[in-house]
Amino acid sequence: MGALWRRFERWVTRGQRPSSEPVRLTRRRIYILPTAQGYAFATLLFLLFLWSINYSNSMGFAFTFLLAAVALNSMWQAHDNLLGLVVDSSGAEPVFAGQEARFVFRLDNPDPKPRYGVALQGRDQPPCYTDLPASGATVVTLTVLAERRGWLRTGRVRVLTRYPLGLLQAWSWVEFEQACLVYPQPRGRRPLPAALSGSTGAGLGDQGLGSEDYAGFRLYAPGDSPRRIAWKAATRGGPLLVKQFTDQARPELWLDWRLLGIDSVEPRLAQLCQWVLKAESEGRRYGLLLPGARIPPAQGDAHRRRCLEALALFTYAEDTSHRHETAVEPEEPARTRATAG
Amino acid sequence: MKLPWSRKSRPERAPPPVELLTASALTWLLAALALGVAPQATELSVWLSVLFAALVGWRGLIVLRNWALPPRWLLLLVAVLAGAGVIVDHRTLFGRDAGVALLTAMTACKLLESRGLRDGVVLVFLGYLLVMSNLLYSQDIPQVVYLLAVILVMLTAQVLIHRQHAGLTALAPLRLTGRMVLLAVPVMLILFVLFPRIPGPLWGLPKDAYKGRTGLSEQMAPGTISELSQSGEVAFRVRFTGAIPPPNQRYWRGLVLWHFDGRRWTRPEEPPLNTPTPLTPEGAAVDYAVVLEPSNRSWLFALDLPARLPPHARMTASFQLLRDQPVNEVYRYEMRSYLAYRTGELTAMERSRGLQLPPRGNPRARALVADWRQRDPRPEALVRSALTLFREQPFYYTLTPPPLSGDIVDDFLFRTRRGFCEHYAGAFVVLMRAGGVPARVVLGYQGGEMNALGGYLMVRQSDAHAWAEVWLEGRGWVRVDPTGAVAPNRVQQGLYAALSDAGLLPFLARRGGDSEWLRQLVLGWDILNNSWNEWVLAYGPDRQKEFLSGLGFGPADWTGMTVAMLIALGGFSVLYAGWRWRNRLARDPVARAWQRFCARLARRGLARGAAEGPLDFAGRVAAGRPELAAAVWEIARLYAALRYGPVAPPEQVRQLRRLTRRFQA
């Protein structure tokens, strides 16, 4: 059944390309089928119909037909509840592999009447319901577990409704280009490499704590050393803060791919990622060296992001002349979890 | 410290959470179920009504006070006890009353274990069954209107049990379901009229399926008819095609009783008639249609004597009309009768049956007849003597005759002399048989009240009557009504005028009594009921064929009906879709602007084809009117972008409206 369903989905959405623009749900892309409850209701009506025949009960027929007509009418209602709806995705903030990406969708109701019980559903996840005010919009967040670095997409997402009686489900498939950049998972036990003197690297600096200048607090970010968390501030409640130090005196670091002779690509990237975070949190100036990419030493959020991006989208080829630029994409759309916001 | 990514495995798939029923959903559900059971509160056993009310109240308190649901074992206990109670009450779990009682009890128990959506769905479905079960007891107008309201409440509960629709608050869900029901009515009417009906029953009906209907029973003993006479219920209504026969000619024949066991008159099996009309008419035919209320009996009523056979019915040699199935729905049939007639020869069986008497008993009556025969042995003389006896001796017509004992005919004729029609008819037939004249008792109704406003005759249970027939050489079976000899008013003006103790009659049976304006109101209400019966309740397989054939499209068979039904449904869908489209248009500024633009061009003879896209249309207009090309292209492109593109930005919509308003063809 599941496989058949997938095939049906592929077949009806064969013409649909992932969209980078808002999608309006038109008649042609709304589908409608009875739910399990709908089939049960149909069975009930059939029994009532037989009952009416058996007892020659004229009003029995009338009531059975009335309920059938109401069920038919609920088909229009369900259809109308989706028709004209505008769905848009603003993508998701970058995350590290192993974290959950939060894709933000916007459901826009252009009509001057409210819509109730509209849901967004990622693959294999329970639907996330919300109400849309008249001529208003609601934001729905689908949470996707980012399993691998690279670009992450939600794949086809269902917009659905069982309004008003729950007997029928109307739905539409939408797919957006907006993707989430997934950084490698920061992992590895190696200490930061020694700073080298010379053109390609920086020398090993004085690691004594006394030479660091306290530079204030910033919000905790994954990868920060627990030693630097402002535990005193944390016990008073409020967000986790990290003490920041700058040390202009210390030389630049080169986070070099070649320093890691260890096993395969991904653990190396994980270690590099870990280093980037660590170096940033320690307030060091650092550069990144990857086969085919060189990011000169710098410091700050933009630099950090640039490095992490390079790590996320890195493709390794033995022969660097055949390096390709394509992003790493998960073959299967990831599992999603949804929350309304 | 546990960091977000230190989790290695995928998060486990949690089972889908139970969608708990909201307080508002439960409130609507409780209201709907209570309203659905209410009409049966008097039919159900007292303990069951109390149990249902208590459990509904309990569930209501659980909602209000946030109490916990009762434990499983307690519910199970209540369910088992309730089931046992139903068995004790009805001696079975099957049948109409037991079935309804069980359904009520189990719904109440289910209510107390209902937490989630699935339970809510089950309860709503049980609720629909409960609503429908009310129709087994009554289908009259107030009941149907009431049940329609209950359906509305039930549908509202059905909307609200879906937690995701909980954004609908206050009366919004009721407005929604109200609109849905209104829109469902045309479809319901189409299905009701055109859905090919199948004659029931499909399987055996429970014995008590139609219990509790008043009407003539199959036998007659002192007291059976006088009891029935105290019901003001309508037995049937009649609409005549031509002139209406006078009251004393309105003998509505039901069944013929031959056998007398000394106390009780009963009806033997009679073979159906082979020859179509064993009567010779001596006057014009009377044509009419009868709408019979459900009686749970198979006999049909017709004026003396019927000369036509309704479908699925047969006639016996004694002119009884019997339908194949008991009349359990409002049943309409066309009839023809001859009020003046002669019947044929007496068969041997009729003679032996018509002269049957218990071997002994009623010696004084027999002696009296022997005395009459000595004076004049002709049958006509015997009839006259008997009627003279009733007319001249102090006999009284009363609803409350004293009880009879021993030889009941002797006791009545010579001691009490107070009786209702069954006493007179029974005694008369006994006298005739004792004198060697074949005679029989006929049960039916006599008279009926004219509803002048509605132009039809109402025959009530209080018009129930018994009379006699004697067989006379050369004339055949002749009707004799001995009650008429005692109380001529009974035949002329009805029961109320004839009785000395008419105060015992219910209001509806007091024809010709006081409070005329109230009576007018009653008659007006009856007109409504009659139309309801004739056009709605009596609309079964036969009436459907008759009605649809009468529309002039030829005889109606089920294929024709199905086709007509599908066409009608399709037509309605198109109308509805058109109406919705117009509504949408009224709300949609882009479409409205485009319509305006097209209308202006159409006035210049450039109408857009129904299937022509905006750009094709613009191309055609631009080719025909080059001076308009620029403006037309601009509008068409903008419209196409707004219509078929992703989302319309408000400033572009305004732009389109501005352009179309300024556009001059």
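The values are calculated or read from the model by the stated rules, or taken from the named source; none is laboratory data. Note that this is a predicted model, so its numbers are computed, not measured. Glycine also receives a Cβ, built like all others from the backbone with ideal geometry; neighbour counts cover every protein chain displayed.
If you take the residues in the stretch B:132-146 that are in contact (Cβ under 8 Å) with a residue 24 or more places away in the chain and more than 7 Å from chain A (Cβ to nearest Cβ), which one is farthest from B:ALA101 (Cα to Cα)? Within the stretch B:132-146, the match that is farthest from B:ALA101 (Cα to Cα) is B:ILE141.
Take the residues of the stretch B:226-243 that are crowded, with 18+ Cβ neighbours inside 10 Å and not basic (Lys, Arg): which is nearest to B:GLY262 (Cα to Cα)? Within the stretch B:226-243, the match that is nearest to B:GLY262 (Cα to Cα) is B:SER226.
If you take the residues in the stretch A:73-107 that are of a type in the set (D, E, K, R) and in contact (Cβ under 8 Å) with a residue 12 or more places away in the chain, which one is nearest to B:VAL590 (Cα to Cα)? Talk me through it step by step, then tell me what you get.
As a first pass, look at the stretch A:73-107 and keep what is of a type in the set (D, E, K, R): A:80, A:88, A:93, A:100, A:102, A:106.
From what's left, in contact (Cβ under 8 Å) with a residue 12 or more places away in the chain: A:88, A:93, A:100, A:102, A:106.
Values: A:ASP88: 21, A:GLU93: 36, A:GLU100: 41, A:ARG102: 35, A:ARG106: 22 Å.
The residue in question is A:ASP88.
Under the condition of being surrounded by fewer than 22 Cβ atoms within 10 Å (Cβ to Cβ) and among the aliphatic types (A, V, I, L, M), the residues counted in the stretch B:83-120 number 10.
What about A:LEU290, is it surrounded by fewer than 19 Cβ atoms within 10 Å (Cβ to Cβ), at pLDDT 75 or above and among the aliphatic types (A, V, I, L, M)?
Numbers: surrounded by fewer than 19 Cβ atoms within 10 Å (Cβ to Cβ): no; at pLDDT 75 or above: yes; among the aliphatic types (A, V, I, L, M): yes.
Taking the combined requirement at face value, the residue does not satisfy it.
Filtered by the rule that a residue be surrounded by 23 or more Cβ atoms within 10 Å (Cβ to Cβ) and assigned to a strand (DSSP E or B), the stretch B:434-448 gives B:ALA439, B:ARG440, B:VAL441, B:VAL442, B:LEU443, B:GLY444, B:GLN446. Flag: A:VAL70 does not match the condition of being assigned to a strand (DSSP E or B) and touching a residue at least 24 places away in the same chain (Cβ under 8 Å). Scan the stretch A:17-57 for residues that are surrounded by fewer than 14 Cβ atoms within 10 Å (Cβ to Cβ) and farther than 30 Å from B:PHE192 by Cβ and the total you get is 5.
Quick one: count up the residues across the stretch B:181-194 that are facing another protein chain (nearest Cβ under 7 Å) and touching a residue at least 60 places away in the same chain (Cβ under 8 Å). Total satisfying the criteria: 4.
Inside the stretch B:152-175, residues that are at the interface with chain A (Cβ under 7 Å from one of its Cβ atoms), touching a Phe, Trp or Tyr at 6+ places or on another chain (Cβ under 9 Å) and of a type in the set (A, V, I, L, M) make up a count of 2.
Criterion first (part of a helix (DSSP H, G or I), within 9 Å of chain B (Cβ to nearest Cβ) and hydrophobic (A, V, I, L, M, F, W, C)) does A:PHE8 satisfy it? In short, no.
Tallying residues that are farther than 28 Å from B:LEU152 by Cα, in a helix (DSSP H, G or I) and in contact with a helix residue (DSSP H, G or I) (Cβ under 9 Å, 6 or more places away or on another chain) within the stretch B:32-78 yields 4.
I'm trying to understand the selection: among the residues of the stretch B:94-119, which are in contact with a helix residue (DSSP H, G or I) (Cβ under 8 Å, 6 or more places away or on another chain) and farther than 21 Å from B:PRO39 by Cα?
Applying the first criterion (in contact with a helix residue (DSSP H, G or I) (Cβ under 8 Å, 6 or more places away or on another chain)) to the stretch B:94-119 yields B:96-114, B:117, B:119.
B:LEU112, B:GLU113, B:SER114, B:LEU117, B:ASP119, listed by residue number.
Being modelled with pLDDT of 85 or more and either among the aromatic types (Phe, Trp, Tyr) or not in a strand (DSSP E or B) (or both) is the filter here; which residues of the stretch B:296-310 pass it? Write out each step before concluding.
Just the residues of the stretch B:296-310 that are modelled with pLDDT of 85 or more, to begin with: B:297-310.
Residues satisfying the conditions are B:ARG297, B:SER298, B:TRP299, B:PHE301, B:ASP304, B:LEU305, B:ALA307, B:ARG308, B:LEU309, B:PRO310.
Restricting attention to the stretch B:364-396, the residues that are farther than 18 Å from B:PRO438 by Cα and not in a helix (DSSP H, G or I) add up to 4. Within the set A:PRO126, A:PRO110, the sole residue that is within 11 Å of chain B (Cβ to nearest Cβ), without any contact (Cβ under 8 Å) to a residue 60 or more places away in the chain and either touching a strand residue (DSSP E or B) at 6+ places or on another chain (Cβ under 8 Å) or closer than 25 Å to A:GLN37 by Cβ (or both) turns out to be A:PRO110. Might you check whether a residue that is touching a Lys or Arg at 6+ places or on another chain (Cβ under 9 Å), on the phi > 0 side of the Ramachandran plot and modelled with pLDDT under 90 occurs anywhere in the stretch A:74-86? Checked the stretch A:74-86: at least one residue is touching a Lys or Arg at 6+ places or on another chain (Cβ under 9 Å), on the phi > 0 side of the Ramachandran plot and modelled with pLDDT under 90. Whether any residue in the stretch B:628-643 is in a loop (DSSP other than H, G, I, E, B), more than 14 Å from every other protein chain (Cβ to nearest Cβ) and farther than 30 Å from B:GLU334 by Cβ is what I want to check. Checked against the condition, which is being in a loop (DSSP other than H, G, I, E, B), more than 14 Å from every other protein chain (Cβ to nearest Cβ) and farther than 30 Å from B:GLU334 by Cβ, the stretch B:628-643 yields no hits at all.
When we screen B:GLY178, B:GLY254, B:GLY223 for residues that are surrounded by fewer than 18 Cβ atoms within 10 Å (Cβ to Cβ), away from chain A (no Cβ under 14 Å) and of a type outside the set (Ser, Thr, Tyr), the only hit is B:GLY223.
Count of the stretch A:77-97 residues, restricted to those that are facing chain B (nearest Cβ under 10 Å) and hydroxyl-bearing (Ser, Thr, Tyr), is 0. For the stretch A:33-76, taking the residues that are more than 9 Å from every other protein chain (Cβ to nearest Cβ) and among the small types (Gly, Ala, Ser), the one that is nearest to B:LEU148 (Cα to Cα) is identified as A:ALA42. Of the residues making up the stretch B:462-483, those that are surrounded by fewer than 24 Cβ atoms within 10 Å (Cβ to Cβ), not in a strand (DSSP E or B) and not charged (D, E, K, R) number 1. Cβ-Cβ distances below 7 Å connect the following pairs, each with a first residue in the stretch B:542-559 that is surrounded by 13 or more Cβ atoms within 10 Å (Cβ to Cβ), a second residue that is not in a loop (DSSP other than H, G, I, E, B), and a separation of six or more residues or different chains: B:ARG543/B:ARG332; B:LEU548/B:MET561; B:ALA556/B:LYS545; B:ALA556/B:LEU548; B:ALA556/B:SER549. If a residue must be part of a loop (DSSP other than H, G, I, E, B) and either touching a strand residue (DSSP E or B) at 6+ places or on another chain (Cβ under 9 Å) or among the hydrophobic types (A, V, I, L, M, F, W, C) (or both), how many such residues does the stretch B:397-412 contain? Selection size over the stretch B:397-412: 6.
Select, from A:VAL159, A:VAL140, the only residue that is away from every other protein chain (no Cβ under 13 Å), crowded, with 18+ Cβ neighbours inside 10 Å and more than 30 Å from A:THR315 (Cα to Cα).
Values: A:VAL140 fails: away from every other protein chain (no Cβ under 13 Å).
It is A:VAL159.
Among the residues here, B:GLU227 qualifies as in a helix (DSSP H, G or I) and either touching a Gly at 6+ places or on another chain (Cβ under 8 Å) or modelled with pLDDT under 85 (or both). The residues of the stretch B:326-363 that are under 11 Å from B:ALA434 (Cα atoms), assigned to a helix (DSSP H, G or I) and free of Cβ contacts under 8 Å to residues at least 60 places away in the same chain amount to a single one, B:PRO363.
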